[in-house]
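Heads up, the thing below is written out as structure tokens.
The values are calculated or read from the model by the stated rules, or taken from the named source; none is laboratory data. The structure displayed is predicted, hence computed values, not measured ones. Virtual Cβ from ideal backbone geometry, glycine too; neighbours counted across all protein chains shown. These accessible areas exclude ligands, DNA and RNA; they are computed on the full protein's heavy atoms, side chains included. Shrake-Rupley method; radii C 1.70, N 1.55, O 1.52, S 1.80 Å.
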Amino acid sequence: MDDNSCGNLLDHLSDYLDGEASAAICAEIEQHLQECEDCRVVVDTLRQTIHLYHTLTQPDIPDDFRQRLYKSLDLEPYLER
Ligand SMILES: [Zn+2]
């Protein structure tokens with residue numbers, strides 16, 4: 001990552017949120033987030049979505065309830081996983 005542009009950050013964002021980005025990339029992303037409110041909003045939103053996704057895949061949630069919830073949240077692609 002040679003610069004701190006928003007597009008560059010977004011390229012690495014999925015790795016970052018999955019915990020798979022290198023330490024150097026994480027540091028650059030976190031630095032960019034401190035300086036760029038737009039990207040902070042994006043990352044916060046994605047984090048909440050991912051957290052919700054992990055919460056919803058807990059086995060004690062009934063399938064039909066989960067499917068209805070995913071539909072209402074427009075997260076149906078995740079049902080395939
Ligand atoms: Zn940015």
**OP:** Give me the distance in nm between label points sitting 7 Å out from Cα along the Cα-to-Cβ direction at SER22 and THR57, one decimal.
**Re:** 2.7 nm
**OP:** Considering only protein heavy atoms, with the full assembly of protein chains and a 1.4 angstrom probe, order CYS36, CYS6 by accessible area, largest first.
**Re:** CYS6, CYS36
Original post:
Once you have the alpha carbon radius of gyration of the chain, what is it after dividing by 2.2 N^0.38 Å, with N set to its residue count?
Top reply: 1.31
Subject >> Per residue solvent-accessible surface (Å²) - the chain, probe of 1.4 Å >> reply: 72 Å²
